[in-house]
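What follows draws every value from the coordinates through simple rules; no lab data is involved. Just so it is clear, the structure is predicted and the values come from calculations on it, not from any experiment. Please note: Cβ atoms are built from the backbone with ideal geometry, for glycine as well, and neighbour counts cover all protein chains shown.
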């Protein structure tokens with residue numbers, strides 16, 4: 001395990017390399033969020049086509065992301081976390097800058113897919129590095145800080161991006177690319193490699209096949225995909241419900257989304273500290289149960305106050321479940337294939353997020369009431385699954401890895 005210097009007046013158990021990654025992630029997410037809220041508008045403007053065609057183009061972007069997180073996990077184990085992160089940032093900056101320059105429809109789709117492949121390579125590699133360098137009992141806290149920094153960047157980025165997009169879309173792509181180049185320079189100068197000794201867990205062959213043979217992890221991945229499907233209703237289906245069914249202006253959900261991001265920043269660390277003695281799978285069960293309560297609370301009325309309170313409840317669940325989930329995977333995965341496990345973990349998240357709008361949209365078109373009831377029931381099923389998993393395996397922070 002890589003051991004960095006402590007210092008900076010920070011937690012003495014956490015190496016300074018982690019804080020370099022944390023700070024860089026904040027600025028990088030701020031740069032990324034300059035672009036993504038306005039991507040649909042940009043493509044519709046450049047392609048001169050309907051939103052239906054833009055949706056198909058964005059689907060190809062999503063497909064490249066799924067491939068990316070899986071490949072990124074394999075490459076981070078094989079070539080090293082640092083190298084994959086550098087490659088993701090540098091190649092992603094080229095694709096992002098190119099997307100802001102080209103006008104041809106073919107080139108737009110090509111650069112979009114390249115960006116969709118290169119950017120997500122960073123996630124499994126960085127998550128694996130955090131798992132490498134942070135002591136096991138501090139993983140939940142470390143992932144909580146990382147998530148808080150990401151959300152802080154996401155709060156700021158869209159506000160700046162909106163002002164720039166009013167003048168020229170080019171500048172949001174250029175600044176995003178610049179943020180990636182600067183972050184890659186910081187990693188090159190300040191972040192050493194953390195890949196563990198390949199001799200560890202020699203029984204593992206180190207192939208993706210080993211992950212797919214791990215029934216315990218696949219069961220967990222299925223629960224996480226269901227959890228992601230439920231959470232995706234918040235950002236993918238709820239805006240349509242508010243605008244189409246309840247006649248709220250689009251800006252209404254914008255305020256609710258800002259509420260979610262601000263609450264993540266304000267509450268993540270206090271919640272993590274308060275729940276630090278609760279086993280991870282029990283936290284996951286609690287978090288998804290709060291998802292169910294949040295969506296069911298929306299049945300109580302159509303006032304914006306009702307939706308603001310529902311977002312508060314769901315965000316409490318989000319702050320409870322997400323850091324615990326990342327920490328549990330990092331802790332249980334064998335060290336020499338941690339990147340592959342993080343990649344598969346990210347794939348299950350994206351599969352759930354991709355299915356969510358499809359299922360939620362179908363339910364909403366039939367009945368908003370049944371959409372909310374069904375979403376809550378799916379969350380309840382996931383919560384029961386996590387709790388049974390916890391009870392069955394007597395989960396604690398000292399359990400053996402997935403594969404023995």
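Of the listed peptides 137-144, 168-175, what is their order by residue-averaged count of other C-beta atoms within 10 Å, with the highest listed first?
Working: 137-144: 21.6, 168-175: 19.5.
Result, highest mean first: 137-144, 168-175.
To the nearest Å, what is the center-to-center distance of the stretch 125-161 and the stretch 306-358, using C-alpha atoms only?
13
Ignoring everything except DSSP H segments at least 4 long, calculate the 222 nm mean residue ellipticity for the chain; use -39,500 (n - 2.57) per segment, divide by total residues, nearest 500. Present the calculation step by step, with values, prior to reporting the outcome.
Numbers: 15 runs with 308 residues, N = 404.
Computed ellipticity for the chain at 222 nm equals -26500 deg cm²/dmol.
For residue 373 and residue 137, what is the calculated FRET efficiency with R₀ set at 30 Å and r taken between the beta-carbons, to the nearest 0.05? Don't skip to the answer; put the middle values down first.
On the way: r = 40 Å, r/R0 = 1.32.
In this case the efficiency is close to 0.15.
Using packing as a proxy for protection, rank 291-302, 98-109 so that the peptide with the highest average count of other Cβ atoms within 10 Å comes first.
Numbers: 291-302: 18.9, 98-109: 15.2.
So the peptides 291-302, 98-109, ranked by packing, come out 291-302, 98-109.
Sorted from fewest to most neighbouring beta carbons within 10 Å, what does the list 259, 13, 331 look like?
Details: 259 15, 13 12, 331 20.
Sorted ascending by nearby Cβ count, the order is 13, 259, 331.
Treat each spin label as a single point 7 Å out from the Cα along the C-beta direction, and report the residue 168 to residue 156 distance in nm.
Reported label-point gap for residue 168 and residue 156 is 2.4 nm.
By per-residue mean of other Cβ atoms within 10 Å, what is the highest-first order of 14-20, 267-273, 366-372? Let's see the in-between values first.
Numbers: 14-20: 19.6, 267-273: 18.0, 366-372: 16.1.
Ranking the peptides 14-20, 267-273, 366-372 by packing returns 14-20, 267-273, 366-372.
If contacts are Cα pairs under 8 angstrom and at least 6 residues apart, what is the relative contact order of the chain in percent?
Numbers: 611 pairs, mean separation 99.9, N = 404.
Here the relative contact order equals 25 percent.
Hey, could you grab the Kirkwood Rh for the stretch 208-393? Inverse mean 1/r over distinct alpha carbon pairs, Å, one decimal. Intermediate results must be reported in sequence, preceding the final value.
On the way: mean 1/r = 0.0589 Å⁻¹.
Computed over the stretch 208-393, the radius equals 17.0 Å.
For the chain, just the Cα set please: Rg and Dmax, both in angstrom.
Just the Cα atoms of the chain yield Rg and Dmax of 20.6, 60 Å.
Give the Kirkwood hydrodynamic radius (Å, one decimal) of the stretch 16-189, defined as one over the mean of 1/r across all pairs of different Cα atoms. Walk me through the numbers before you get to the answer.
Working: mean 1/r = 0.0606 Å⁻¹.
Every distinct Cα pair counted, the radius reaches 16.5 Å.
Would you mind getting me the FRET efficiency between residue 276 and residue 388? Use the beta-carbon distance for r and R0 = 25 Å, nearest 0.05.
Values: r = 23 Å, r/R0 = 0.93.
Between residue 276 and residue 388 the formula returns 0.60.
Suppose each label sits 7 Å from its Cα in the direction of the beta carbon; what would the residue 246-residue 182 distance come out to in nanometres?
Label-label distance for residue 246 and residue 182, simple model: 3.8 nm.
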